[in-house]
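Down below is the structure, laid out as structure tokens.
What follows is calculated from the coordinates using simple rules that are stated; it is not laboratory data. No experiment lies behind these values; they were computed from the predicted model shown. When we count neighbours, we look across all protein chains shown, and the Cβ atoms used for this are built from the backbone with ideal geometry, even at glycine.
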Amino acid sequence: MPSARPPTLALRDILFTQGFGTRRTCDALILGGHVRVAGQMVDDPRAAFATDRLVFEVDGVAWPYHDKALILLHKPAGYECSLRPSAWPGVHTLLPPPLRQRGVQPIGRLDQDTTGLLLLTDDGTLLHRLTSPKHHVPKVYHARTVHPVTTGQCARLVDGVVLHDDPQPVRAAAARPLDDHLLELTLTQGKYHQVKRMVAAVSNRVEALHRVAFGTLSLPPDLAPGQWRWVREQDLFGTPAARPANTGHGPGSTAG
Ligand code: URA
């Protein structure tokens with residue numbers, strides 16, 4: 001039986017799939033001596049490399065090869081998740097050009113003034129799966145409130161509240177006060193302004209909103225606002241202890 005060979009790609013195709021521009025641009029980068037593999041400059045666009053665990057450098061910046069990109073961004077306030085933002089800069093402006101070129105899109109949206117864990121991907125299947133109403137991935141929010149958080153409010157949020165546009169009550173999977181004015185809310189749906197509207201429905205008001213977890217992924221404490229890192233799909237659905245992969249941070253952050 002022939003042994004399975006790891007997939008290989010020509011360097012120009014590696015750069016192309018990883019968002020470094022047209023094949024002509026990628027060829028020019030390689031021919032111009034800008035690209036290194038395993039510490040060696042490679043100036044042949046057709047030189048082939050196994051993509052599994054490949055890390056290449058472009059102008060001294062290390063890039064781990066990823067068949068599909070899955071990125072965790074610490075979203076700062078003042079950025080829109082829309083790809084065609086109207087009033088504020090888009091979150092994609094916080095990412096380096098190759099990731100933008102790959103067309104990564106936010107998995108669900110956070111409001112302009114919401115901070116915290118935002119995932120972006122160019123994997124259409126994953127995007128569809130995670131934004132489908134059938135998918136009930138828990139998302140954990142910390143909401144700073146104008147009025148004190150009461151246990152009564154928490155109970156009502158879990159029992160279900162009715163929002164203006166839907167006669168069906170929406171329920172939080174969990175709600176608990178973390179301090180007088182800080183509410184932890186776990187939601188498994190993703191309706192428009194859901195946290196703010198649910199909190200308003202129990203006669204309180206959100207002053208600041210921060211997402212701390214998505215599935216089993218938590219916002220890493222060492223990831224500053226505006227910074228991003230690679231994550232693996234299994235980190236999203238793994239055990240509760242799972243944390244973002246430490247490997248392949250690539251160029252790391254681009255802002256903040
Ligand atoms: N709920 C909101 O109200 N805003 C967000 O950004 C996310 C959830």
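Output the relative contact order of the range 157-239, whole-number percent, from Cα pairs under 8 angstrom with separation of 6+ residues. Could the numbers behind the result be given before it?
Details: 75 pairs, mean separation 15.7, N = 83.
Dividing the mean separation by the residue count of the range 157-239 yields 19 percent.
Over the alpha carbons of the chain, what is the largest minus smallest coordinate on each principal axis, giving the biggest first in Å?
Rounded to whole Å, the extents work out to 67, 49, 32 Å.
Suppose we keep just the DSSP beta bridges with both residues in the range 45-153; what percent of those would be antiparallel, to 5?
90 percent
In whole Hz, what ³J(HN,Hα) sequence does the range 158-167 give by Karplus (6.51, -1.76, 1.60; θ = phi - 60°), x for Gly and Pro?
Karplus values, whole Hz, x for Gly and Pro: 7, 5, x, 10, 9, 9, 3, 8, 8, x.
Hey, quick one: spin label on Ala4, modelled 7 Å out along Cα-Cβ, who in the range 36-62 has an amide N within reach, i.e. under 18 Å?
50-54
In percent, how large is the relative contact order of the chain, given Cα pairs closer than 8 Å and 6 or more residues apart?
Rounded, it is 18 percent for the chain.
So which trypsin sites (Lys or Arg not before Pro) in the range 60-127 pass both tests, a DSSP loop state and at most 11 other Cβ atoms within 10 Å of the Cβ? If you can, show how the numbers build up before the last one.
Details: sites: Lys68, Arg100, Arg102, Arg109; in loops: Lys68, Arg102, Arg109.
Taking the range 60-127 and a limit of 11 other Cβ atoms within 10 Å, no loop trypsin sites (Lys or Arg not before Pro) are found.
Which whole number of Å³ per residue matches the convex hull of the alpha-carbon atoms in the range 94-160?
109 Å³
Based on Cα positions only, what radius of gyration and what Dmax would you give for the range 156-232, in angstroms?
That works out to 14.2, 42 Å for Rg and Dmax.
Take the residue pairs Lys68/Lys196; Lys75/Lys191; Lys134/Lys191; Lys139/Lys191 and return only those whose Cα atoms are more than 21 Å apart.
Listed pairs above 21 Å: Lys68/Lys196.
Which of the peptides 198-210, 55-67, 123-135 is most tightly packed, and how do the rest follow, judged by the mean count of other Cβ atoms within 10 Å per residue?
198-210, 55-67, 123-135
Counting pairs of Cα atoms in the range 8-64, how many percent are more than 16 Å apart?
Details: 448 of 1596 pairs.
Counting every Cα pair in the range 8-64, those more than 16 Å apart make up 28 percent.
What is the ratio of the Cα radius of gyration of the range 33-137 to 2.2 N^0.38 Å, with N the residue count, to two decimals?
Numbers: Rg = 16.7 Å, N = 105, 2.2 N^0.38 = 12.9 Å.
It is 1.30.
Just grab the label-to-label distance for Ala173 and Thr25, each label 7 Å out from Cα along the Cβ direction, in nm (one decimal).
3.9 nm
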